[in-house]
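Data block below; observations after.
The values are calculated or read from the model by the stated rules, or taken from the named source; none is laboratory data. Keep in mind the model is a prediction, meaning the values are calculated, not measured. Cβ placement follows ideal geometry from the backbone for every residue including glycine, while neighbour counts extend to all protein chains displayed.
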């Protein structure tokens, strides 16, 4: 048996609908986001889970909770799984950022690995903190199925880091819709991506919602 890491983005929030920058902010799931989390739990509760890790934000905890309740497993909260800190961009939209922080925005678009949102985090910093959580999981569990519930940018950066993709291209190479799950298997040759951004488990009316 090998270790399989299931990387689950949280369910829909108002910010995933509007496209506003939301990292350190702590919104609840929308009603549809809660249904997405329940759909994930229903579709995946039969998997023999070894552990469940989550970012401590409300939206990630609420996404993990239906599965935790269904199988009677406690979630492990880790700050390293939190979303990118958008600094002064938090809660704003792209038009606002372009108006007030255009130079920083252009630098961030060109090379987010090393250029942060104004007062925020770089992709390198996110990879550094998230990799400590992945290392903890790999040290504790040589095999089994471990769920990691995190955020859009953070999961994309984790995948880039594991698969040898340039961190500066995380937005260009990997999509990550709300409540989508990606699976990485750790075998003798290292991490292998088996599933990317799957949402086929959820009802069509949720899967086809715009902006998620």
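Some points to look at:
- Inspection of the stretch 16-24 identifies no residue that is without any contact (Cβ under 8 Å) to a residue 40 or more places away in the chain and surrounded by fewer than 18 Cβ atoms within 10 Å (Cβ to Cβ).
- Checked against (1) modelled with pLDDT of 95 or more; (2) in contact with a helix residue (DSSP H, G or I) (Cβ under 7 Å, 6 or more places away or on another chain), residue 212 passes all but condition (1).
- Members of the stretch 180-212 found to be in a loop (DSSP other than H, G, I, E, B) and touching a strand residue (DSSP E or B) at 6+ places or on another chain (Cβ under 6 Å), listed by number: 180
- Looking across 126, 155, 137, one residue alone is touching a strand residue (DSSP E or B) at 6+ places or on another chain (Cβ under 8 Å), touching a residue at least 40 places away in the same chain (Cβ under 8 Å), buried (at least 22 other Cβ atoms within 10 Å of the Cβ) and assigned to a helix (DSSP H, G or I). It is 155.
- Scanning the stretch 38-58 for residues that are farther than 17 Å from residue 4 by Cβ and either at pLDDT below 95 or out of contact with any helix residue (DSSP H, G or I) (no Cβ under 7 Å at 6 or more places or on another chain) (or both) yields a total of 3.
- Residues being part of a helix (DSSP H, G or I) and either at pLDDT below 95 or surrounded by 17 or more Cβ atoms within 10 Å (Cβ to Cβ) (or both) are represented in the stretch 84-94 by at least one member.
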